[in-house]
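Written below as structure tokens is the structure these notes are about.
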Amino acid sequence: MHVSFNLAALFDAALKSAATAIGLDAADFAPEVRTADPKHGDFQANGVLPYAKRTRQNPRALAEKLVAAFSADVLAACTVTVAGPGFINFTLQPAALQAWLRAFATREQLAAGAATAFAGQTWVVDYSSPNTAKQMHVGHLRSAVIGEALSRLLAFSGARVIRDNHIGDWGTQFGKLIWAYKRQLDTAAFARDPLEEFERLYKVGNSASDADPAVLKEAQQELVKLQAGDAENTAIWKKIGEVSVAAFQQIYDQLGIRFDYTLGESFYNDKVERVYRELTECGLAVESQGALVVFHPEHPRFKEQPFIIRKSDGAANYASTDLATILYRSEQFHADAAIYVIDSRQGDHCQQLFLTAQKWFEKTHRKFPHLEHVAFGTVLGEDGRPLKTRNGDNIKLKDLLSEAVDRARRLVDEKSAGLPEDERRAISEVVGVGSVQYADLSQNRSSDYLFSWDKMISLDGNTAAYLLYAIARIRSIFRKLEATPGDPSTETAAGAFETAEELALARKLTKFSDAVALATANLRPHFLCLYLYELAGEFSGFYAADKVAVDELPVRARRLLLCARTLLVLETGLGLLGLRTVNRM
Ligand code: ARG
């Protein structure tokens, strides 16, 4: 029997065909089926009311008509009721719950079920994207963590995902840096930590050119030479890029990130001329005070504040390279969508960029990809201000992650004193880094979030440690019973679910698909976090009420089936968020 992975989508489709069957325009009707409050059932359709209102019908009568038109297989799998002014509730039969759990017994089966949602679509995920010559600091955390989770969710949902690190490796700062490099390089420091030395040199070059106009001139000349392809300056600039990317990769390794492409701003240097030409030819770009700009007269702010796509000195800028990037992704990657995981402060840049690209693509008869700014708020310290060190400096990401691992180590030493030293070290790494990732992902990304070590590395609440501990606990149940999760002979012996807690846990497990769909469609991982947290809670309730190690085989087997699926969903879910998991804790 074919069992549908996404039951919400199944009921959605059932409602649409019921609508057609009773002569409605199904294209105009969005059933909006979502996971329901368990008091009402498993899923609830919320779309009947607005549709009835729009078409001037009685919503309750319409809901009843739709239910009467359901096909027999839907009605066999669940009880359908009409509630309140016109909600439709679906409550799955125990046999349908069990069929779902049997059909989705491995990560591969879950992935195959999920993979229809975005099948055939190419999504470029533009994330992390730090500037070179500087170390990554806490401000770079969210883009990397959120971007990675979204890449995994999209790939799981069937998209072809292209992870592109759009690093800032071009700009006026290189003049000052090269100036200082040629005069003040500390070779010993460079050998120790080259990126740190570049960072220091940039500060040297910057303050020297602030203090002395002659230095500023020299630095500008270094920049001109670099732009003209001077061999020595190009070699220094290349070195800066290599050293930076190698240092970034150490952080990415800790966070489980691997990019398909690192096409920084410099990659588009030779591609901006075409942007100027096309935008001018199609009448979008005009000269204004020596610069090339695009006005958006229909927009309240951008009609006066134009998008500058070439500076008055003739140089390319962030806008020109970003426009060239859109064209490249469309032509070379055949992107259906590109998402930009960037700080919400770049909202204006993104809006003007997307608006300009849309008009450009329309005028040149190109297929315009879906472009979206996946914006996020700032990381705040416990004082409610942007997180900084005590001296007011930016916190380096590598220091932040190593502090997380140290703090996790204290928790692990306390809770798992019996485990061998090297295992405790490995667990601390997973818990520490995972706590930082999870604290970020579990918040709605639109808001700022408060960085609190004590809350994030805790076994209580919606935290990584809580979920990792739930996984370790289920693994220990299997170890104690000398059983293997998903073992076929146990699974065939499993009887029908009976107790309230068994049924509640089984119901929660079938909602995994909807949680993934919601997180992916909205590009908001916190929906999945919340689901995993609730699932772990449901598991605790079940485990407290229903003993697994009973003698009666069909009972033990069905409870082991629930343990195995909870484990599978927790591990798969955390994996989708970019976290690693542990077997013991
Ligand atoms: N390098 C930029 C910064 O640090 C972020 C780039 C984001 N991606 C993009 N295509 N604009 O602010």
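The values are calculated or read from the model by the stated rules, or taken from the named source; none is laboratory data. Not measured: the values here are computed from a predicted model. Glycine gets a Cβ as well: all are built from the backbone with ideal geometry, and neighbour counts include every protein chain shown. Please note that ligands, DNA and RNA were not included when accessible areas were found on the heavy atoms of the full protein model with its side chains. Shrake-Rupley method; radii C 1.70, N 1.55, O 1.52, S 1.80 Å.
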key: helices (runs of 4 or more DSSP H) contained entirely in segment 414-480, each with at least 2 residues that are touching a strand residue (DSSP E or B) at 6+ places or on another chain (Cβ under 8 Å)   = 421-441
Qualifying position, being open to solvent by 30 Å² or more (accessible area, probe 1.4 Å), at pLDDT 95 or above, within 23 Å of THR356 (Cβ to Cβ) and within 16 Å of the ligand (Cβ to nearest atom), among PHE267, PHE259, PHE307, PHE295 = PHE267
ask   = Take the residues of segment 158-186 that are within 16 Å of the ligand (Cβ to nearest atom) and polar (S, T, N, Q): which is farthest from LEU216 (Cα to Cα)?
value = ASN165
ask   = Does at least one position in segment 333-342 carry a residue that is away from the ligand (no atom under 13 Å from the Cβ), within 21 Å of HIS166 (Cβ to Cβ), of a type in the set (Gly, Ala, Ser) and at pLDDT below 95?
value = no
ask   = Residues in segment 136-151 that are in contact with a strand residue (DSSP E or B) (Cβ under 7 Å, 6 or more places away or on another chain), more than 13 Å from the ligand (Cβ to nearest atom) and within 13 Å of PHE259 (Cβ to Cβ): how many?
value = 1
request  = Identify the single condition in (1) touching a Phe, Trp or Tyr at 6+ places or on another chain (Cβ under 7 Å); (2) within 11 Å of the ligand (Cβ to nearest atom) that GLN346 does not satisfy, given that it satisfies every other one.
outcome  = (1)
inquiry  = Residues that are within 12 Å of the ligand (Cβ to nearest atom), crowded, with 19+ Cβ neighbours inside 10 Å, more than 23 Å from SER446 (Cα to Cα) and among the aliphatic types (A, V, I, L, M): does segment 369-392 have at least one?
reply    = no
task = Go through the residues of segment 20-33 one by one and say whether even a single one is surrounded by fewer than 17 Cβ atoms within 10 Å (Cβ to Cβ), among the hydrophobic types (A, V, I, L, M, F, W, C) and within 23 Å of ALA519 (Cα to Cα).
result = yes
task = Considering every residue within segment 86-93, establish whether at least one is without any contact (Cβ under 8 Å) to a residue 60 or more places away in the chain and touching a Leu at 6+ places or on another chain (Cβ under 6 Å).
result = yes
task = Could you tell me whether ALA72 is open to solvent by 30 Å² or more (accessible area, probe 1.4 Å), over 30 Å from ASN394 (Cβ atoms), away from the ligand (no atom under 16 Å from the Cβ) and modelled with pLDDT of 95 or more?
result = no
query = Within segment 403-414, can one find any residue that is out of contact with any helix residue (DSSP H, G or I) (no Cβ under 9 Å at 6 or more places or on another chain), free of Cβ contacts under 8 Å to residues at least 40 places away in the same chain and within 22 Å of SER435 (Cβ to Cβ)?
reply = yes
request  = Read through the list (1) more than 29 Å from GLU372 (Cβ to Cβ); (2) in contact with a strand residue (DSSP E or B) (Cβ under 8 Å, 6 or more places away or on another chain), then give the number of the only condition that VAL548 fails.
outcome  = (2)
request  = Output the residues belonging to segment 278-288 that are within 12 Å of LEU323 (Cβ to Cβ) and either within 16 Å of the ligand (Cβ to nearest atom) or part of a helix (DSSP H, G or I) (or both).
outcome  = GLU278, LEU279
Pairs with Cβ under 6 Å, 6+ apart, first in segment 142-170 and touching a residue at least 24 places away in the same chain (Cβ under 8 Å) and of a type outside the set (S, T, N, Q), second near the ligand (Cβ under 10 Å from one of its atoms) and in a helix (DSSP H, G or I) = GLY168/GLU265; ASP169/GLU265; TRP170/GLU265
query = Could you say whether any residue in segment 564-585 is buried (at least 23 other Cβ atoms within 10 Å of the Cβ) and modelled with pLDDT under 95?
reply = yes
request  = Please specify each residue of segment 192-225 satisfying the condition of being within 21 Å of ASP399 (Cβ to Cβ) and either of a type in the set (Val, Ile, Thr) or open to solvent by less than 80 Å² (accessible area, probe 1.4 Å) (or both).
outcome  = ASP193, PRO194, LEU195, GLU196, GLU197, PHE198, GLU199, LEU201, TYR202
query = Tell me, which strands (runs of 3 or more DSSP E) lie completely within segment 289-371 with 2 or more residues that are touching a residue at least 12 places away in the same chain (Cβ under 8 Å) and touching a Gly at 6+ places or on another chain (Cβ under 8 Å)?
reply = 337-343
